[in-house]
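Novice: Sharing a structure with you now.
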Amino acid sequence: MHQNIGKKQINKSNFLGVLSIFFPIVLGLLILNFFTNIIPLDKLQGLPVLMPLFLCPFGAVIGLLGYKRNRDTLSLVGIIANIILFLFPVFYHILGTILMGV
């Protein structure tokens, strides 16, 4: 009976880790689609590049909660991936300004 309780706690923390990794994967796919235009999403225009600024902090907080519960690698990878993807729009706009002068 005690083993079931432990498994439920592990599953909940794994869920938070998976959820924290879900954010950068989906946003990364949207950004990749923005540059390659595999699936035309004309109505979104430049939104996929800006979405990480608003959504990655939520993913990082979810990863942090999962990491505090159970110090697992999945949550840590989610935190790091969210932080890196959060910085992508900043560097994208800085490089665009330097190279294009706009």
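The values are calculated or read from the model by the stated rules, or taken from the named source; none is laboratory data. From a predicted model like this one, the values you see are computed outputs, not experimental measurements. Positions of Cβ are backbone-derived with ideal geometry, glycine not excepted, and every protein chain shown enters the neighbour counts. Note: accessible area is taken over every heavy atom of the protein model, side chains too, but ligands, DNA and RNA are not part of it. Shrake-Rupley method; radii C 1.70, N 1.55, O 1.52, S 1.80 Å.
Novice: Say a site is exposed when it is one of the trypsin sites (Lys or Arg not before Pro), sits in a DSSP loop, and has at most 14 other Cβ atoms within 10 Å; what is then the longest site-free stretch of the chain?
Specialist: Segment 1-42 is the longest.
Novice: Taking H placed 1.01 Å from N in the peptide plane, check which residues at least 5 places from ASP72 or on another chain put their amide H under 5 Å from its amide H.
Specialist: Those lying under 5 Å, H to H, from ASP72: there are none.
Novice: Please report, in whole Å³, the volume per residue of the convex hull around the C-alpha atoms of the chain.
Specialist: Residue-normalised Cα hull volume stands at 109 Å³.
Novice: While we're looking at this one, here's another question. Accessible area per residue for the chain in Å², computed with a 1.4 Å probe and the full protein assembly in place, what is it?
Specialist: Computed with neighbouring chains in place, this is 73 Å² per residue.
Novice: At 1.4 Å probe size, with the rest of the protein present, what percent of the exposed accessible area of the chain is carbon and sulfur atoms?
Specialist: Numbers: 5490 of 7420 Å².
It is 74 percent, rounded to a whole number.
Novice: Once ligands and nucleic acids are excluded and a 1.4 Å probe is used, how much of PHE23 is accessible, expressed in Å² to the nearest 10?
Specialist: 50 Å²
Novice: Let me ask something else. Which one of ASN14, ASN37, ASN82 has the biggest mean-square fluctuation once the chain is modelled by GNM with Cα springs under 10 Å?
Specialist: ASN37
Novice: Still on this structure, I have one more. With the crude spin-label approximation of a point 7 Å out along Cα→Cβ, what separation in nm comes out for LEU53 versus LEU99?
Specialist: 1.9 nm
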